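Following: one structure in C-alpha cells, then a few remarks.
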Amino acid sequence: MERFTDTAPSPPRAVVIASLARVRAHRDELAKKYLLRLIERTSLDEIHALPIERVSRELPRLIGDVLEVATQETVPPDLATDLRLHAGFLVELRAQASDPVAALMADCTALQGVLIEALAASSSEVPELLPAAVAALADACAQLQTAVVDTYLQHHARELERQALTDPLTGLWNVRYMRRQLQYLVDLYHRYEQPFAVLVLDINGLKQVNDSYGHQVGDRALAQVALALRRSVRVVDTAARIGGDEFCVLAPNQVSSAGAVLAERLTAAIAREVTDPEPGLLSASIGVASCPEHGTQADALLAAADQAMYEAKAAGEPVAVASASAGDEALPPRDRAPERPAPRGRPAARSGRDTAPGDRQEGGDEGPEPPGGPRPARPRR
C-alpha cells in the first residue's frame, strides 16, 4: 500500500545553492541597500566618522563571504577566517557606540534582512526554495555575528590593556610597563649577555612653570617633552613617564658611552622643542647607567641611573654617567637617604614620584608581552 505524507520533500541543495548564487551576483547592490539601512538608524556624527572607503571596499566582500558560507555543507577553515577578517569593519563602524556589542548585533541583523529580502525576490519563481535558502543564510549570518563580536571583544581587550600601560597625559608608556620592559632586558642579559642602557630624566623648571602659568600650561609642556623624547629615541627603545616630572628611557644593545650620546641628544631635543609657555624655561638632567657595567638587576640599575641624574643636577651638567658599580650587592647611596637604610636590593623612594624605581609593584606581570616574544624565564640565582 502506498504511503502518503503531507511533508514536501526538501529542495535539492544544488538548487538552493543556485538561488544563493543569484543573490551573490548582486552583492554590490545589496551592499548599498545595507548601508542605507545602517545610515537610517545612525546619528549624523557617527556617519561622519564612518571609514567610507573601507566600507565601500569591505561590504561587498563581506556579503560574498556570508553567501559563500551559506552554500557550504561544512565551512572550510579559510572561509571562516576570511569572514572574521572582513567582519572587522563592522567593529570600526560601531567603535564609538555606547553599546557596541548590541549595535554590532543589530548591524548583522540588518545585513541578514537585506539578504533575505533579495533572496525572496530571487526565489519568487520557486517559492519552496526560500525556507531552505533562508535557513542556510541564517546559519551563515550566525557565524558572522560570532565573528564580529569576537573581533570587537579582542579589540576592546587590547585597548584596555594599552590604557593600563600608558600615561594618559603624554601617551608614553607608564612606570608599570617600563618596569616590565626593564625586567625583560635584564632577563635577556642573563640569557644572552645582551647589554642595555637605562636613562633617568628629571625635568628642571616645571614647578616654576606650574606656579607662574598654571598646571594646564605645565601639562602642555610635559606633552612637548614626551613628543621630543618620542622623536629622538629608536623604535626598539622604550620611553616612559615614571613620575610627575620624571621620565625613563631603556635602550637595548647600548653600553654606557652610547647611552651618554643618546642622553645628550635628548637634552638637546628638549631644549629645542619644548617652547610652551616660552623657549628655554625647561631643561633636563639625565643620569645614565648600563647593564652589566653598573649592575645586572633592575633595582640596582634604576638606582644607579637615578643617582647619576642627581649628580648631573648638582653639578649643573645635563648628563652624568653612573660611577663604577659595586655590583648588585650594594645599591648606590642617595643624596637624600632616609634615617633608616633602605632594605638591601631596594632603593628608598623619592618624593614626587608616582612609583619609586626600586619599589616592587603588585601585579607587575600584567599587560602585553614585551616586543621580541615571550619573556625568558628568570635564571636561578
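The values are calculated or read from the model by the stated rules, or taken from the named source; none is laboratory data. As the structure is a computational prediction, the values presented were derived from the model and not from experiment. Here the Cβ is made from the backbone with ideal geometry for all residues, glycine too, and neighbour counts use every protein chain on show.
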Would you check if Leu153 is surrounded by fewer than 20 Cβ atoms within 10 Å (Cβ to Cβ) and either in a loop (DSSP other than H, G, I, E, B) or touching a Ser or Thr at 6+ places or on another chain (Cβ under 8 Å) (or both)?
no
Can we say Asp99 is assigned by TED's automatic domain parsing to the domain that holds Arg61 and touching a residue at least 40 places away in the same chain (Cβ under 8 Å)?
no
Under the condition of being surrounded by fewer than 12 Cβ atoms within 10 Å (Cβ to Cβ) and free of Cβ contacts under 8 Å to residues at least 24 places away in the same chain, which residue from the stretch 48-78 is farthest from Ala147 (Cα to Cα)?
His48
Condition broken by Pro11, with the remaining ones in (1) modelled with pLDDT of 80 or more; (2) closer than 19 Å to Ala136 by Cα; (3) not charged (D, E, K, R) satisfied:
(1)
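Residue by residue, here is whether (1) of a type in the set (Val, Ile, Thr); (2) surrounded by 16 or more Cβ atoms within 10 Å (Cβ to Cβ) holds:
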{"position": "Val261", "(1), (2)": "yes, no"}
{"position": "Glu264", "(1), (2)": "no, no"}
{"position": "Ala268", "(1), (2)": "no, no"}
{"position": "Asp276", "(1), (2)": "no, yes"}
{"position": "Ser285", "(1), (2)": "no, yes"}
{"position": "Ala289", "(1), (2)": "no, yes"}
{"position": "Glu293", "(1), (2)": "no, yes"}
{"position": "Gln297", "(1), (2)": "no, yes"}
{"position": "Leu301", "(1), (2)": "no, yes"}
Hey, Leu222 part of a helix (DSSP H, G or I), under 25 Å from the mean Cα position of the chain (by Cα) and surrounded by fewer than 23 Cβ atoms within 10 Å (Cβ to Cβ) or not
no
Given the conditions (1) under 13 Å from the mean Cα position of the chain (by Cα); (2) over 25 Å from Pro77 (Cβ atoms); (3) not assigned by TED's automatic domain parsing to the domain that holds Leu227, report the number of the one that Ser124 does not fulfil.
(1)
Test result for Val91, assigned to a helix (DSSP H, G or I), hydrophobic (A, V, I, L, M, F, W, C) and in contact with a His (Cβ under 7 Å, 6 or more places away or on another chain):
yes
May I ask you to say which residue of Ala140, Ala102 is more than 21 Å from the chain's Cα centre (by Cα), of a type in the set (A, V, I, L, M, F, W, C) and under 25 Å from Ala14 (Cβ atoms)?
Ala140
Looking at the stretch 168-181, can you tell me whether even one residue there is in contact (Cβ under 8 Å) with a residue 60 or more places away in the chain, closer than 18 Å to Leu262 by Cβ and in a helix (DSSP H, G or I)?
yes
Would the stretch 231-238 turn up any residue that is without any contact (Cβ under 8 Å) to a residue 12 or more places away in the chain and either in the same structural domain as Glu317 (by TED's automatic domain parsing) or small (Gly, Ala, Ser) (or both)?
yes
Residue among Arg61, Arg84, Arg54, Arg94 that alone is among the basic types (Lys, Arg) and more than 24 Å from the chain's Cα centre (by Cα):
Arg61
For the structure I just gave you, tell me whether Val148 is in the same structural domain as Gln254 (by TED's automatic domain parsing) and crowded, with 19+ Cβ neighbours inside 10 Å.
no
